[in-house]
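What follows is one structure encoded as structure tokens, with my remarks underneath.
Every number here is computed from the coordinates shown, using simple stated rules; none is lab data. The shown structure was predicted, so the numbers you read here are calculated from the model rather than taken from an experiment. Glycine gets a Cβ as well: all are built from the backbone with ideal geometry, and neighbour counts include every protein chain shown.
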Amino acid sequence: MQAYKNYLMDMDGVLLRGRTPIPGAGRFIEHLNGTGTPYLVLTNNPLYTPGDLAHRLQTVGLHVSAERIFTSAMATAAFLHSQRPNGKAFVIGESGLTTAIHDIGYVITDHDPDYVVLGETHAYSIANVTQAIRLILAGARFVATNPDPSGPSEEGVVPACGAMAALIETASGRAPLFVGKPNPLMMRTALNYLGVHSEDTVMIGDRMDTDIIAGINSGLETILVLTGVTRREDIAERPFVPTYVVDSIADVL
């Protein structure tokens, strides 16, 4: 395996399994930090700010700074800014999304917004969902942070952005633009944020259907780690293959 100039990597399933760091992840991050290698930790999770996620990683011994974390909320905010700077949005989400929206100079409002932006929240409100549907029918454009239909919690599986987006789409008849993985838009936005080129960058992920295909569609080489949801025998079911397959992040070095 060649040494790459820049690294993009997923978080859950690559660096962490639940709240536990994957063996070798700390050494890999220390190597990148020590050599000054540019990298970003990517996540489709729009709930938390980079500072929140950096704290989560640092408490388990993974020394990733907030500047090295890029979320689907940040990618969504960058998209809105590129399309309609200084606009207005009705937002369903937590601080990770609302902070990113405010940071680009947007006003969050339910009065004649340019966009309805759907993220994830710890408690979806039927009143907010109804308002979103009505605003979309009135002409607001529908954007969602990520297509994941469900996610994990301490109590078990919970509905995520993709599931709620399907509800709103069914009721409004308007499909959203999903910005997060596997949309190459998130990868391209991350590359621009890091200031690097796809030819010198590799994407490390544990999911064929998001991480690997997003990397391929963005012109990156890819590394699949088997510490997440994908098993080695699952690879043959797909019409595409990663550049490399390794047991864990520890094997990348």
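So here's what we get for this one:
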item: Prolate/oblate/rounded call for segment 152-239, Cα gyration tensor, a/c under 1.5 rounded; result: oblate
item: Cα long-axis angle, helix 25-35 against the chain (0 to 90 degrees, to the nearest 10); result: 80
item: Rounded to the nearest 20 debye, dipole of the chain from Cβ charges on Lys, Arg, Asp, Glu; result: 340
item: Cα gyration tensor category, rounded, prolate or oblate, for segment 73-178 with a/c compared to 1.5; result: oblate
item: At most 11 other Cβ within 10 Å, DSSP loop - GluC sites (Glu not before Pro), segment 152-253; result: 154, 155
item: DSSP-defined antiparallel bridges as percent of all bridges, the chain, nearest 5; result: 10
item: Residue among 77, 190, 140 with the largest mean-square fluctuation in a Gaussian network model of the chain, springs linking Cα atoms under 10 Å; result: 140
item: Length gained when the stretch residue 112-residue 217 is fully extended (0.36 nm per residue, less Cα-Cα span); result: 34.3 nm
item: Cβ-based exposure ranking for 126, 249, 104, in which fewest neighbours within 10 Å come first; result: 126, 104, 249
item: Fraction of alpha-carbon pairs over 24 Å apart in the chain - percent; result: 46
item: Extension reserve of the residue 27-residue 229 stretch, reckoned as 0.36 nm per residue once the Cα distance is removed; result: 70.5 nm
item: Förster radius 25 Å - calculated FRET efficiency between residue 251 and residue 158 (Cβ-Cβ, nearest 0.05); result: 0.20
item: Cβ-based net charge around residue 187, under 15 Å, with every Lys or Arg adding one and every Asp or Glu removing one; result: -3
item: Viscosity 0.692 mPa s, 37 °C: Kirkwood-radius Stokes-Einstein D of segment 17-97 over Cα pairs, µm²/s; result: 233
item: Ranked 218, 72, criterion: other C-beta atoms within 10 Å, fewest first; result: 218, 72
item: Nearest-20 debye value, segment 73-178 charge dipole, Cβ charges on Lys, Arg, Asp, Glu; result: 440
item: Residue 63-residue 170 FRET efficiency (beta carbon distance; Förster radius 51 Å; 0.05 resolution); result: 0.70
item: Likely footprinting exposure, 116, 252, 60, fewest C-beta neighbours within 10 Å first; result: 60, 252, 116
item: Estimated inter-spin distance, residue 238 and residue 52, nm [label 7 Å along Cα→Cβ]; result: 2.8
